[in-house]
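Q: If you scroll down you'll find the structure; I have some questions about it.
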């Protein structure tokens, strides 16, 4: 039986890197993508130069501007980022059909059992990096490991433009060499709580039993902390996007409780899922939502409607309804995702009600936009253009 091996591919500072690639005058400068200074909103992404000022995604734009008033502040061009992402994802699928896209800028590749056909997995990882750089002029970081969680940690370790390999049997030693804050899923609040207990290293965290951790963090987080500090797979990414479902999710660098930011992220994911559904020429009536709170409590909701989902706005509306069933609008959110379940081949069925043709209009509009994008035209959803500053409406995709 083949030993499991996964790649985690993470695009380096993706939105900001695309902007620097498209505008060479921004190279080497702190680039902040999101809302414009003087307007309400948050940072969607930032370059490594901006991170040196302490800026990170989901930070209020007013705070980012105070930290770096001379930074380059740019509006989000989500449709363009998604098109660049699609190019990169197509490169990844050359090397395995088992691709799990997690968001616009990251994906897992299951490479288990591919060595006989493709050669050593590490060499495949190098080829992927070379192809992405050659074809898009962008760098990616790749982690190779026996589990998805460790592959994600590995891709983070040597950013940007990194390649880190965790061999089977070295899981515990690899994690032991990381700083405590590098464990994915341990946010600022959890880290602060651990520090207050005198835990500042992986070794110190390993001294705590599950029971000890449960007394301080609750049952949901204790098992997670106990597993990850030992290099064990916590099952964080166990929900694989099989062929009968299409989904995406976003894990925030810092927990988010800003309602507009969550809704915007949900809409971005919904649009990506509908784009993939139309590429597959498939249909679905089932909407799924995944929500992980700051304490690692995770909810998965689903709803099946009585007709085929016609457009991204409809998918977003149902997913948003599911989100508010479980979210109290104040508890910080660590991860959000949505998708389509029970995906079937074939075009959506026509509406039977002669007087209710709204879904048909939505479907035709979505199909028209999809057709234009397939022909290379840059068409974006108005809600995702986010015209936050003077002149931003004049900025066009290249």
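Q: Rounded, prolate or oblate for the stretch 5-47? Axes are the square roots of the Cα gyration tensor eigenvalues, ordered a ≥ b ≥ c, and the cut-off for rounded is a/c under 1.5.
A: oblate
Q: Principal axes first, then extents: for the Cα atoms of the stretch 173-228, list largest minus smallest coordinate on each axis, whole Å, largest first.
A: 26, 20, 19
Q: Of 86, 155, 137, how do they rank once you tally other Cβ atoms within 10 Å and put the fewest first?
A: Starting with the residue having the fewest Cβ neighbours, the order is 137, 86, 155.
Q: If r is the Cβ-Cβ distance from residue 117 to residue 27 and R0 is 41 Å, what FRET efficiency results, to the nearest 0.05?
A: The value I calculate is 0.60.
Q: If you take the beta carbon distance between residue 40 and residue 345 as r and set R0 to 45 Å, what does 1/(1 + (r/R0)^6) give as a FRET efficiency, to the nearest 0.05?
A: The calculated FRET efficiency here is 0.55.
Q: Whole angstrom only: what separates the Cα centroid of the stretch 71-149 from the Cα centroid of the stretch 291-333?
A: The stretch 71-149 and the stretch 291-333 have Cα centres separated by 27 Å.
Q: Can you compute the FRET efficiency between residue 193 and residue 56 using 1/(1 + (r/R0)^6), with r the Cβ-Cβ distance and R0 = 25 Å? Round to the nearest 0.05.
A: The value I calculate is 0.80.
Q: If you bin the C-alpha pair distances of the stretch 213-315 every 5 Å from 0, what whole percents do you get?
A: Per 5 Å bin, starting at 0, the Cα pair percentages come out as 2, 10, 18, 20, 17, 13, 10, 6, 3, 1, 0.
Q: So how much slack lies between residue 87 and residue 300, counting 0.36 nm per residue of separation and subtracting their Cα-Cα distance, in nm?
A: Working it through step by step, the gained length comes to 73.7 nm.
Q: Could you tell me whether the stretch 15-72 comes out rounded, prolate or oblate from its Cα gyration tensor? Rule is a ≥ b ≥ c as square roots of the eigenvalues, rounded for a/c under 1.5, then prolate if a/b exceeds b/c, otherwise oblate.
A: prolate
Q: Hey, another quick one. Could you put 222, 2 in order, starting from the residue whose Cβ has the fewest other Cβ atoms within 10 Å?
A: On the way: 222 20, 2 10.
Starting with the residue having the fewest Cβ neighbours, the order is 2, 222.
Q: Could I ask something else about it? Sorting 8, 216 on the 10 Å Cβ count, fewest up front, what's the list?
A: Starting with the residue having the fewest Cβ neighbours, the order is 216, 8.
Every number in this text was worked out from the coordinates using simple rules, so none of it is lab data. A quick note: this is a predicted structure, and the numbers were derived from the prediction, not measured. Glycine also receives a Cβ, built like all others from the backbone with ideal geometry; neighbour counts cover every protein chain displayed.
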